[in-house]
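Structure first, commentary second.
FYI, it's all coordinate maths here, none of it is from the lab. In this text the structure is predicted, and so the values were computed from the model without any measurement. Methodologically, a virtual Cβ is constructed for each residue, glycine included, from the backbone with ideal geometry; neighbour enumeration extends over all protein chains shown.
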Amino acid sequence: MPWNTEVLLWVDQDSESEATGFAQGPAQSLQRAVKTWGELASFAAEANFPERHLALRPGRDDHLDTIKGVHDQKSLVQAFNLAVAESEFGPARCALNKIIGF
């Protein structure tokens, strides 16, 4: 079962205080290379978008430019067009953003 763990550390140097938080729970983890808007729309529906945000990157898993926080139809279209334009290979790699609570 995919599992997500989030850790938060907030440090206020002025007041010399720290706050920490920790949360964990089941995660939904999906990824797919898509070449067309139709493939992306199908993936987005499977990933429960826009309830859950998406991240897209051009072409390869190791590409440095990841577009995160895709949260609505407009940002999905923009991210897809940018990822395809920047891809060396054509397809855009889409992944469900693994942050809980969206």
**Fill in**
Note: Gln78 to Ala41 extended length (0.36 nm per residue) minus current alpha-carbon separation gives 12.0 nm
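Based on the mean of other Cβ atoms within 10 Å per residue, sort peptides 22-29, 5-12 so the most packed one is first.
On the way: 22-29: 11.9, 5-12: 10.1.
Order by mean packing, descending: 22-29, 5-12.
Find how much the distance from Ser17 to Glu51 grows on full extension, using 0.36 nm per residue of separation minus their present alpha carbon separation; answer in nm with one decimal.
Working: separation 34, 0.36 × 34 = 12.24 nm, distance 3.46 nm.
That works out to 8.8 nm of additional length.
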